[in-house]
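Written below as structure tokens is the structure these notes are about.
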Amino acid sequence: YSTVIENSESQDYICLVDVNEGVSELRINGESAGTNWYGNHIYEVGSLWKPGSNRIKIVLTTTLANYCGSLKENQTARAWTRSYETPVSSGLVGVEWGVP
């Protein structure tokens, strides 16, 4: 996910809402704000946020559950995904600004 935000207000934190057990990386203006793979995906961005335009890039890596579940002939993959009867939600639900 990538976009440019036109905003003159400073931002201290950005929270990626419900990453669905994935790994996220947040970049602001080409600089890494960090990578998170567990818990709340909250990033401190105050030092990276500039007045005016800010480019935000979110790199999201989802789990292998859905892919492995699609491998019907692969017994090892099937063994690891037996508990997933339906596909696992994946992707990013939203972004919250200024949440510490």
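Observations on the model:
- Of all residues making up region 3-40, the number that are at pLDDT 90 or above, in a strand (DSSP E or B) and either among the charged types (D, E, K, R) or touching a Gly at 6+ places or on another chain (Cβ under 7 Å) (or both): 5
- Which listed residue, of I42, I5, is over 11 Å from the mean Cα position of the chain (by Cα) and of a type outside the set (S, T, N, Q): I5
- Qualifying residue in region 63-73 (condition: exposed (fewer than 14 other Cβ atoms within 10 Å of the Cβ), aromatic (F, W, Y), at pLDDT below 90 and assigned to a strand (DSSP E or B)): no
- Which numbered condition S90 misses (of (1) surrounded by 13 or more Cβ atoms within 10 Å (Cβ to Cβ); (2) not in a loop (DSSP other than H, G, I, E, B)): (2)
- Residue in region 49-62 that is surrounded by fewer than 13 Cβ atoms within 10 Å (Cβ to Cβ), among the hydroxyl-bearing types (S, T, Y) and part of a strand (DSSP E or B) present: yes
The values are calculated or read from the model by the stated rules, or taken from the named source; none is laboratory data. This is a predicted model, so every value here is computed, not measured. Glycine also receives a Cβ, built like all others from the backbone with ideal geometry; neighbour counts cover every protein chain displayed.
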